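Let me begin by presenting the structure, written as structure tokens, before commenting on it.
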């Protein structure tokens, strides 16, 4: 099994944290596989635990619900950190595009497929779609805060919040195109969406 993105960051991570991250990633990987093979509603926590070779009680130490195995996203803080670290001379959208290329091109193919599978499930299962709205709100707030730092504005500045909303909207629309296979590649599809936004969304 490949290491998780958080393990591959440059920050020192203790052995205990690495083991916890690896266990969490393994549980999520098995859960996503079972959801694809037999359906989200038909898959139980006991089945996920058995596939991951852990006890149900251990499962609940990592994920409070079955739903969380899909909603858990370890990439958001990594993306925000990479965005904040982009060169100051890049425009905000250029910094977003550079961030996506930097983070996703470093991901092993297995991790990239896991992320695509996770997102596809979110959009396919009604109860997961509803729960994801809260995560979009949280992600928008994180992005607005990072954009405010780069631009020297307040995070609740109207322009900053609208910009962050546009980024989240384009990311959502681009991903839906990728899931529907109308975009050829995960990274290329996302970059195409942000390139259109950078051009002013010409039609």
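Key figures
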{"quantity": "Cα-projected label distance for residue 67 with residue 149, points at 7 Å along beta-carbon direction, nm", "calculated": "3.0"}
{"quantity": "Bins of 5 Å, starting at 0 and running to the largest distance - Cα pair percent for the chain", "calculated": "1, 7, 14, 18, 19, 16, 12, 7, 3, 1, 0"}
{"quantity": "With Cα atoms, 0 to 90° folded angle of helix 92-106 axis to the chain main axis", "calculated": "30"}
{"quantity": "Calculated FRET efficiency for the pair residue 133/residue 195, C-beta based, R₀ 30 Å, to 0.05", "calculated": "0.65"}
{"quantity": "The chain: angle of helix 15-38 to the longest principal axis, Cα-based, in degrees nearest 10", "calculated": "80"}
{"quantity": "Sequence ranges 125-132, 161-168, ranked by mean other-Cβ count within 10 angstrom, highest first", "calculated": "161-168, 125-132"}
{"quantity": "Projected label distance in nm at residue 123 and residue 140, using a 7 Å step from Cα toward the beta-carbon", "calculated": "1.9"}
{"quantity": "Globularity ratio of the range 24-94, using Cα Rg and 2.2 N^0.38 Å", "calculated": "1.51"}
{"quantity": "Ascending count of other beta-carbon atoms within 10 Å, so fewest first, for 58, 23", "calculated": "58, 23"}
{"quantity": "Cα-based radius of gyration of the range 15-65 once divided by 2.2 N^0.38 Å, which approximates compact folds", "calculated": "1.10"}
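No value in this document is a laboratory result; all are computed from the given coordinates. These numbers were taken from a predicted model, which means no experiment stands behind them. No Cβ is skipped: glycine too gets one built from the backbone with ideal geometry, and neighbour counts run over all protein chains shown.
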